[in-house]
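Shown next, in structure tokens, is the structure this report addresses.
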Amino acid sequence: MNGDTRELIIIGGGPSGYTAALYAARANLQPLVIEGFAWGGQLMITSDVENYPGYPDGIMGPAMMQDFRRQAERFGAEFLTDDVTKVDFTEHPLRVWVGDNEYTSESVIVATGASARQLGLESERTLQGRGVSYCAVCDAAFFRDKQVVVVGGGDSAMEEAVFLTKFATKVSLVHRRNEFRASQIMLDRARNNEKIEFLTPYVVDEVLAENGQTAAVRLRDLDTDETREVPADGLFVAVGHDPNTKLFLEQLDHDEAGYLVTKPGSTETNREGVFAAGDVVDHTYRQAVTAAGSGAMAALDAERWLAAREGHAATALAAPREG
């Protein structure tokens, strides 16, 4: 092995990447974590996290990610706060570039996460964590006995709306068309819920604030161009997620939505020594705790793969030579 070639590089700095780094560092793999400029992932735009085990009083998303990072660093993980610009997984050692700087490694864990699609409004960005959310399971409990708006027309939007009715007094579901992409069963479930009001064909023009918190949503009717304000303590944007996998699509197997595909019962991809964890492979759960769990799995898989590889190399060196 080249002296400059590492045993493990982890690409990404959210719950999965940091947990993989913790496990790998404790296994003496001395991982390099290229965490990206947007380190911390979606937790960085989350205010209170109350559903992660071990934080009984809740914790701010950014503070939790700093805890994850610091714990991995304590055991020797090295961090590079920059974005990977190119990879080559076609041969060993595996090659990873950050700008003009090339890094080589025997194994790589891809943990670059996914990004919630946003509406693109300045007021939406400003009020993230102050009433604007992208995850009902994460934040619904903060809206007990309040009014909320959900934007979207697919199964995710219907699921979020129905879930929110367990807490909110009223849920207004806004969609730009009168027809929905959602499956009939999910649509029926939402329509049959007396707490859910359907508003179509509307788009969100502005999120309105009062004392720094979301207070209402201004909607625009796409048929008449008229606007109306809907009182809302929260706005849940449910228009989909995109996995951050663009760099890897030409080299790693993926589904039609761009999520990486791993071997059954493993985090291993179709490339030897390349593993994937967290929201790059998970479009079902998308929780910090499940991302962290798959990060641990990826580190364990990488450690075992490296040990087996070293075992083969040691056996080959010890074998008598012919001739």
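The values are calculated or read from the model by the stated rules, or taken from the named source; none is laboratory data. Note that the structure is a prediction, hence the values are computed from the model and not measured. Backbone-built Cβ (ideal geometry, glycine too); neighbour counts: all protein chains shown.
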Next on the checklist: Kindly evaluate Y103 against the criterion of being modelled with pLDDT under 95, outside the structural domain of A215 (by TED's automatic domain parsing) and of a type in the set (F, W, Y).
Outcome noted: no
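Checking the structure you have, find out if any residue of region 84-93 is within 17 Å of G273 (Cβ to Cβ), touching a Ser or Thr at 6+ places or on another chain (Cβ under 6 Å), in the same structural domain as N270 (by TED's automatic domain parsing) and in a loop (DSSP other than H, G, I, E, B). Reasoning before the result, please.
From region 84-93, those within 17 Å of G273 (Cβ to Cβ) are 84, 87-93; that's our starting set.
With touching a Ser or Thr at 6+ places or on another chain (Cβ under 6 Å) added as a condition, the list becomes 93.
Going one step further and asking which of them are in the same structural domain as N270 (by TED's automatic domain parsing), we end up with 93.
Those left that are additionally in a loop (DSSP other than H, G, I, E, B): 93.
Yes - at least one qualifying residue is present in region 84-93.
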Next on the checklist: Which residue is surrounded by the most Cβ atoms within 10 Å (Cβ to Cβ), if the candidates are limited to region 139-158 and must be among the acidic types (D, E) and free of Cβ contacts under 8 Å to residues at least 40 places away in the same chain?
Outcome noted: D155
Item to check | Condition check for D253: out of contact with any Ser or Thr (no Cβ under 6 Å at 6 or more places or on another chain), closer than 30 Å to S294 by Cα and either of a type in the set (D, E, K, R) or in the same structural domain as G295 (by TED's automatic domain parsing) (or both) | outcome: yes
Checklist entry - Would you say L8 is in contact with an Asp or Glu (Cβ under 8 Å, 6 or more places away or on another chain), in contact (Cβ under 8 Å) with a residue 60 or more places away in the chain and in a loop (DSSP other than H, G, I, E, B)? => result no
Item to check | Exclusive hit being under 25 Å from E310 (Cα atoms) and surrounded by 23 or more Cβ atoms within 10 Å (Cβ to Cβ), set A27, A21 | outcome: A21
Item to check | Test set (1) within 28 Å of H283 (Cβ to Cβ); (2) touching a residue at least 24 places away in the same chain (Cβ under 8 Å); (3) out of contact with any Ser or Thr (no Cβ under 6 Å at 6 or more places or on another chain) - K195 fails condition number | outcome: (3)
Next on the checklist: Where the second residue is polar (S, T, N, Q) and part of a loop (DSSP other than H, G, I, E, B) and the first is buried (at least 16 other Cβ atoms within 10 Å of the Cβ) and lies in region 240-260, which pairs have Cβ atoms under 6 Å and are six or more apart or on separate chains?
Outcome noted: N244/T112; L252/T269; G258/T245; L260/T245
Checklist outcome for this item: Of the listed residues (E197, E206, E179), the one being under 15 Å from V149 (Cβ atoms) and surrounded by fewer than 16 Cβ atoms within 10 Å (Cβ to Cβ) is E197
Next on the checklist: So in region 106-138, with the set limited to residues that are surrounded by fewer than 24 Cβ atoms within 10 Å (Cβ to Cβ) and on the phi > 0 side of the Ramachandran plot, which one is modelled with the highest pLDDT?
Outcome noted: G120
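Tell me whether region 12-21 contains one or more residues that are under 21 Å from the mean Cα position of the chain (by Cα), more than 19 Å from A299 (Cβ to Cβ) and modelled with pLDDT under 95.
No; the residues of region 12-21 include none that is under 21 Å from the mean Cα position of the chain (by Cα), more than 19 Å from A299 (Cβ to Cβ) and modelled with pLDDT under 95.
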Checklist entry - What is the number of the single condition among (1) at pLDDT 95 or above; (2) in contact with a Lys or Arg (Cβ under 9 Å, 6 or more places away or on another chain) that G40 does not meet? => result (1)
Checklist entry - Residues in region 40-55: is at least one in a helix (DSSP H, G or I) and either more than 15 Å from the chain's Cα centre (by Cα) or surrounded by fewer than 16 Cβ atoms within 10 Å (Cβ to Cβ) (or both)? => result no
Next on the checklist: Being touching a residue at least 12 places away in the same chain (Cβ under 8 Å) and not polar (S, T, N, Q) is true for just one of A292, A307. Which residue is that?
Outcome noted: A292
